[in-house]
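Chemist: Dropping the structure in here first, questions after.
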Amino acid sequence: MLSSSRLSAVVRRSAKQQSHPLALVSKSLQARSLSIKSTSPVLSSKRTVSQTSPALPYATPVDSIFAPLDLHPERHIGPDAHETEQMLARLGYDSMDAFIAASVPESIRINPSIVSDETIQPYSDSEFSKRAREVAGMNKVFKSYIGMGYHEAVVPGVILRNVTENPAWYTSYTPYQPEIAQGRLESLVNYQTMVTSLTGLEFANASLLDEGTAAAEAMIMSMNAAKGKKTYIVGSGVLPQTLSVIRTRAKGFGVKIIVGSPDELLEKPEIAKDLCGILVQYPDVNGEIRNWESTAKKVHELGGKVSVATDLLALTLLKPPGEWGADMVLGNSARFGVPAGYGGPHAAFFSCKDALKRKMPGRIIGLSKGSNGERAYRLALQTREQHIRREKATSNICTAQALLANMAAMYAVYHGPEGLKRIATKVHGLTHILREILVSFPSSPYQIVNKHFFDTLTISVSSDLGAEALHAIAADSSINLRRIDEQTVGVTLDESVGLVDLMKLVNVFAKAAGTEQFKAQQLINKANEVGATGIAGEVFMDEQFRRSSPFLTNPVFNTHHSETEMLRYLYFLQGKDLSLVHSMIPLGSCTMKLNSNASMVPLTLPGFGGIHPFAPADQTKGYQELIKELEHDLAIVTGYHAVSLQPNSGAQGEFAGLLVIKAYFDSIGQSQRDICLVPVSAHGTNPASAVMAGMKVVSVKVLANGELDMADLRAKVEQHKDRLAAFMVTYPSTFGVFEQGVQEACQIVHDNGGQVYLDGANLNAQMGLTNPVACGSDVSHLNLHKTFGIPHGGGGPGVGPIGVREHLAPFLPGHAIVKTGGSQAIDSVSSAPWGSASILPISWAFIKMLGGTGLTNSAKTSILSANYIAKRLEGAYKLRFSNENGLVAHELLLDLAEFEPTTGLKVMDFAKRLQDFGIHPPTCSWPISTGMLIEPTESESLTEIDRFCDAMLQIRKEVQAIADGKQPKGNNVISHAPHTVAVLTLPDDKWNRPYTREEAVYPLPSLRTNKFWPTVGRIDDAFGDMNLVCNCPTVEELAIDIDA
C-alpha cells in the first residue's frame, strides 16, 4: 500500500534550474506532439502524497551533446509527427488540443501538470537499463530452502530464450481465433495432458492464476455439488497462503471453513452432516506424506468432494491422487521451469474427474476439426465463462497464466518422463542424504519431525540451540531456512541444489551443532552409504506411497529431448501463431500495445527472478523500492490515495475492490449494504465479481445511443438506497465513448450512501487527460497487462492492482505471512504478497521510460488512431456509437447487423476473412452480438492502421458482391475463409469455388510479399464441444491420422 511515509524525499525542479532533458519533452518530441498544451479547466489533485518520482541524479540541457538519443516515447508511439498531422487533417482538426477537446468532456479533464514530466520524470532506454540493474542489485539473492510451494526452478536455456524472451510467444493474445493460434493451443493441450497424466484424473484446464485461487475454485465446485451444504474442511498441513485465499473466497458464498485434522473433524456429527468437501496437501507444508485413501472414502460417503493440493514433481514418484480417491487436484506448476520471481506469476494447475469437467473453471483447450477435415484445437466449453453467465457465474475467471503454462509444458516436453523422474529422484535423494546426516551428528540437536518426505524436512532444534541461532548462521552463508517457530525450522530442496549447495547447507547445521565441517567427498561417501545413487525412480518412502503407473506416454513427451529437436519444435509451433510480431492486434477492450524489449529485459535479471516471496525484508529492498515507485506513479495517473499490487488479474482486482468496499461498510456499521448496480453493457467479470464478493447484482439499463440510462439508475438507486453498496461503471464505456454523465451518475450513488467502482479496463484513454477520481470513483482496478505494457502472453499473465481513495486505504489486502496492505486489511486475494511480482518491472519500465508527458501523449494517440479508423471506414460500415461531435474514445464499435439479411454473413465471417489478410480480428460479438470492437492503441503506425482499413474496405467490396448476386450466399470467399496453403494447392478438379485462388489468398497486392498463413481451415466449435477431447494424441491416434 502507498502512504506518504513510505515515499522517499524527492527534489523538485527549480524554475531557474535546467533539468535533465528527459524531464522535458525533447525538441523532436515537442514537434511530434503538435502543441499538446491543454486549454481545459483545471481539476486539482487532492492527493496528500508527493507528486514526483525519484529525481534523476544529474541534469543535462535538452540541447546538449550529452543528451541521450534513445528516448522511449518516439519508439513506443507509432505515428510520427507527419503521420499525426495527416490523421488530424483527415478528421478535420488542426491541432491535437482541438481534437482532444472534442473527444473528452471538459468537465472531467484534469490539469496537465498532474501527469507530466515534472511528476513522473522519464528515463531514456539506456538510463532505465542502468536503473533496473541498480534496483535489482539491491535485492540479495540468497539460496532459499524456504519451500512452502515456491522453488528455485532451473529454466532450460532453449525455453528461456525461445519462449520466455520471445515476442512471438509473449505478445500473442488469448486464442479466441484458433485458426491463427494452433501453436500455443497445442502447447496448452500438452500442459493439460501433463497435468492429467501426473495427477491421475481425466480432465485439466489450461491453468489458473495461482495455487490459492485454484484451491478456492475447488472449494466453490465442492459447495455447488453438495446442494446446500456449506462446511469445508481444510487440512492443517495446507499452505497458509492458500488458506488465506480460501477464507477470502468463502465469505462471499457463506462457506464455513474449519481447519484441522480431517480424520478427526469428520467424526463430528455437526460437521459431517453439512460437509461439502475437504482440501488436503500432499505432501503437506511440513513435508509429511499421508495416506488419504480412507479419508477420501469417508468424505464420499458423506456426499462431499475431495480436493488435493500437490506438487507435480513429487507425483513422478508418489501415487497420484486420482488413484486414491481425489475428485480435484491442484497446485503450482512453476517447479517445471519457472523462476520463483518473488511469488509469481506462476501457472496453477487444476484437474478433475470426468463428471466435473463442465463445472471446472478456467479455459479448457479441446480438439475439434477444421473445414478441411484436419485436426484443430480451440477453446472448449466457452458457455461456462462469465462473459456469458455474468452474475450466474460462480467464478470470475477471465484469464489464465498461458505463457507460464507453456513454459511448464515445454519443460515436460524437453525432459520427458524419464528426465522428470531423474530430477525428482535427485531432489528426493539429496533430501534423504541431508536427513541421514542431521540425525547422525554426535548428540544431535536435531530431530526430524516428519516421518515421510519427498523434498522437505521439518526439523526440531534443541532448546539449547534454538531456531534463531540456526537462522543467523544460515544467513551468514547466504542461506534462507523456513521459519516455523522458536524451536523448529524447515528445509525444502529443489532441482537447483548441487553438491556444493548441499555441503554449505549441511555445514550450517554442523556449525550450529558444534561439529566438524563437511567436505564434498564426505557427502559423496555419505550418499553411497545411505544408498542414494540417483538412479531414476529410486525412492526412500513406504511402498504405500510409491507410484507404479506410467505417465507422459504420449509421443510429444518422448521425442524432443535434444536441444536441436526442442528448438525446431518450438519454432514449428511458433510459426502457426499470429502475434504482434506479424501485425496489429486491434482487439477492443484488450489494448494490445507494444511490449518493448527494453521493458522486458529486467524480467530475467537474477536480482528479480531469484527471490523467494517469503525471503526476509532485508533481502528484498530492490523489490520494495520498485513497488514503492510503481505504486506512487500509478497513484499519480489515477488520482487515488493508495494502491495495492496484489491482485494478479483484472478480475481479481475487481473482486478485491468490491471486498474493500464491503469491509469499509462493515467498519462503519452498515453491513446490510449488499446491492451492486451493474450496467447491462458491463464486462461479464463485473457481475461475476460482485456475486463472489457476496453482493446481489441489479442491472442498470443503457439507452439506444449507448449512454447509461440515468433515469433507470436513479430509480434503482432510490429503490435500493438502504442496501446500496456499489455501482460498477466502465469509463470510457464499453461502447467506446466518453459519456458526459459519468460524474452525475457517481454523485447519485454517493448521495445515497454507495461507493463507485470504476473498471480500469479502458484507462489507456484516460492517462493524463482525466482519471477515475476526477470521474467520481472510489476504487478501480487497473490492467497492467493492457494499459501499462505487460504482454498478454497468449492468455496471461496479467496484473490487476487496485487504487482507492483515502477512506478505503485501510482495507487493502493483506497477507498471511508477509506484512502488507492496510491497517484493517482484508484477507489475501492472491497467494503471493505482491501477486505477480516478477513482471511488475515491466510496468515500472513502461512508466519510467515514457514519463508523464509520454503517458499523456500515448492516450491522445490511442484516441486519435481509433477515430482515424472510424473516419476511413465511414460509409462502408455503421459506427454504432459516438459522442455529440461524432467522435469515439480509444476504440470504436462497428455494427455488422445490416449484412446478415442480404448476404447471410455474421460477425465471425468478417473475422475469419481478416485472417486471410494476415490481420488478427478485433473483438467479436461484444459488447453487442452483432458488433466488432476495434482498438488500435498508440503503438501502431499509420501504415499499419491503413493496412487494417484497406483490408476492411476490401472485405466490404466482397460483401457487396454477395449482396449484388455476383457471389452466392454460403459459397463465397468470405464464408469459406480463412484459406490455407492446403486449399490453395488443391488440384484443379477439386477447386469448385466461384472465386479464384488469387482472390482467396491474395486479396491485396501487398500480401504477395508479406503474408501470414492460417494453418487450419475454419474450426467447427460445435463438433469440439460434442466430442470433447482435451489431451494430446497417443501413438495410436497419431497412427490413425497418418493412415487417414
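Chemist: Determine whether region 972-992 contains at least one residue that is within 15 Å of residue 902 (Cα to Cα), surrounded by 13 or more Cβ atoms within 10 Å (Cβ to Cβ), free of Cβ contacts under 8 Å to residues at least 12 places away in the same chain and assigned by the TED database to the domain that holds residue 915.
Modeler: The answer is no; no qualifying residue exists.
Chemist: Here's a follow-up. Can you run down the residue pairs with Cβ atoms below 6 Å, 6 or more apart or on separate chains, where the first is in region 98-120 and free of Cβ contacts under 8 Å to residues at least 40 places away in the same chain and the partner is open to solvent by less than 20 Å² (accessible area, probe 1.4 Å)?
Modeler: Short answer, once both residue conditions are applied: none.
Chemist: Checking the condition crowded, with 24+ Cβ neighbours inside 10 Å, more than 22 Å from residue 798 (Cβ to Cβ), small (Gly, Ala, Ser) and at pLDDT 95 or above, which residue from 144, 187 passes?
Modeler: The conditions single out 144.
Chemist: Scanning region 593-605 for residues that are outside any loop (DSSP other than H, G, I, E, B), touching a Pro at 6+ places or on another chain (Cβ under 9 Å) and under 25 Å from residue 762 (Cα atoms), which turns out most open to solvent (accessible area, probe 1.4 Å)?
Modeler: Applying the filter and picking the extreme gives 597.
Chemist: Only one of 722, 751, 709 is over 26 Å from residue 595 (Cα atoms) and touching a Lys or Arg at 6+ places or on another chain (Cβ under 7 Å). Can you tell me which?
Modeler: Answer to the check: 709.
Chemist: Restricting attention to region 306-332, which residues are open to solvent by less than 10 Å² (accessible area, probe 1.4 Å), in contact with a Leu (Cβ under 6 Å, 6 or more places away or on another chain) and not β-branched (Val, Ile, Thr)?
Modeler: Matches in region 306-332: 307, 309, 312, 315.
Chemist: Please verify whether region 278-292 includes one or more residues that are open to solvent by 20 Å² or more (accessible area, probe 1.4 Å), closer than 13 Å to residue 327 by Cβ and assigned by the TED database to the domain that holds residue 455.
Modeler: yes
Chemist: Just one of 960, 967, 954 is open to solvent by 50 Å² or more (accessible area, probe 1.4 Å) and free of Cβ contacts under 8 Å to residues at least 60 places away in the same chain; which is it?
Modeler: Of the residues listed, the single one that is open to solvent by 50 Å² or more (accessible area, probe 1.4 Å) and free of Cβ contacts under 8 Å to residues at least 60 places away in the same chain is 960.
Chemist: Another question, if that's okay. Checking the conditions here, which among 551, 540 is in a loop (DSSP other than H, G, I, E, B), assigned by the TED database to the domain that holds residue 315 and open to solvent by 30 Å² or more (accessible area, probe 1.4 Å)?
Modeler: Result: 540 is the single residue among 551, 540 that is in a loop (DSSP other than H, G, I, E, B), assigned by the TED database to the domain that holds residue 315 and open to solvent by 30 Å² or more (accessible area, probe 1.4 Å).
Chemist: Then there's this: Within region 999-1025, take every residue that is aromatic (Phe, Trp, Tyr) and modelled with pLDDT of 95 or more and give me the one that is least open to solvent (accessible area, probe 1.4 Å).
Modeler: Restricting to residues being aromatic (Phe, Trp, Tyr) and modelled with pLDDT of 95 or more, the top hit is 1012.
Chemist: In addition: Listed residues 665, 614, 608; which is among the aromatic types (Phe, Trp, Tyr), under 30 Å from residue 713 (Cβ atoms) and open to solvent by less than 30 Å² (accessible area, probe 1.4 Å)?
Modeler: 665
Chemist: Evaluate the following for residue 159: is it assigned to a helix (DSSP H, G or I), of a type in the set (Val, Ile, Thr), out of contact with any Gly (no Cβ under 9 Å at 6 or more places or on another chain) and not assigned by the TED database to the domain that holds residue 792?
Modeler: Taking the combined requirement at face value, the residue does not satisfy it.
Chemist: Residues to consider are 828, 862; find the one that is of a type in the set (Ser, Thr, Tyr), buried (at least 24 other Cβ atoms within 10 Å of the Cβ) and under 19 Å from residue 216 (Cβ atoms).
Modeler: Exactly one residue qualifies, and that residue is 828.
Chemist: Can you name the number of the only condition in (1) within 27 Å of residue 289 (Cα to Cα); (2) at pLDDT 95 or above that residue 528 fails?
Modeler: (2)
Chemist: Still on this structure, please answer the following. Among the residues of region 583-591, is there at least one that is over 29 Å from residue 644 (Cα atoms) and either among the aliphatic types (A, V, I, L, M) or in a helix (DSSP H, G or I) (or both)?
Modeler: So far as region 583-591 goes, yes, one or more of its residues are over 29 Å from residue 644 (Cα atoms) and either among the aliphatic types (A, V, I, L, M) or in a helix (DSSP H, G or I) (or both).
Chemist: Restricting to region 719-760, what's the tally of residues that are touching a residue at least 60 places away in the same chain (Cβ under 8 Å) and open to solvent by 40 Å² or more (accessible area, probe 1.4 Å)?
Modeler: Going through region 719-760 one residue at a time, the tally reaches 2.
Chemist: I need the full set of residues from region 519-537 which are more than 28 Å from residue 469 (Cβ to Cβ) and part of a loop (DSSP other than H, G, I, E, B), in order please.
Modeler: 531, 532, 533, 534, 535, 536, 537
Chemist: Let me ask something else. Condition check: hydroxyl-bearing (Ser, Thr, Tyr), open to solvent by 60 Å² or more (accessible area, probe 1.4 Å) and closer than 27 Å to residue 787 by Cβ. Does residue 923 satisfy that?
Modeler: In short, no.
Chemist: Condition first: more than 20 Å from residue 241 (Cα to Cα) and in contact with a Leu (Cβ under 6 Å, 6 or more places away or on another chain). Now tell me which residues in region 252-305 satisfy that.
Modeler: Scanning region 252-305 gives 271, 272, 275, 298, 302, 304.
Chemist: Could you identify the single residue in 172, 124, 113, 103 that is among the polar types (S, T, N, Q) and open to solvent by 20 Å² or more (accessible area, probe 1.4 Å)?
Modeler: After ruling out the rest, the residue left standing is 113.
Chemist: Just give me the residues in region 220-229 being crowded, with 17+ Cβ neighbours inside 10 Å and basic (Lys, Arg), in sequence order.
Modeler: Correct list: 229 only.
Chemist: Cβ-Cβ distance below 7 Å, separation of 6 or more or different chains: which pairs start in region 507-518 with a residue that is within 11 Å of residue 445 (Cβ to Cβ) and in a helix (DSSP H, G or I) and end on one that is of a type in the set (Ser, Thr, Tyr) and open to solvent by less than 40 Å² (accessible area, probe 1.4 Å)?
Modeler: Going by the 7 Å Cβ cut-off, the qualifying pairs are 509/446; 513/444.
Chemist: Continuing with this model, one more query. Every residue in region 154-173 that is among the small types (Gly, Ala, Ser) and closer than 22 Å to residue 785 by Cβ, please.
Modeler: Matches in region 154-173: 168, 172.
The values are calculated or read from the model by the stated rules, or taken from the named source; none is laboratory data. Since this is a predicted model, take the numbers as computed values, not measurements. Ideal geometry is used to build each Cβ from the backbone, glycine not excepted, and the neighbour counts take in all protein chains shown. Just so you know, the surface numbers come from the protein's heavy atoms only, side chains and all, with ligands and any DNA or RNA stripped out. Shrake-Rupley method; radii C 1.70, N 1.55, O 1.52, S 1.80 Å.
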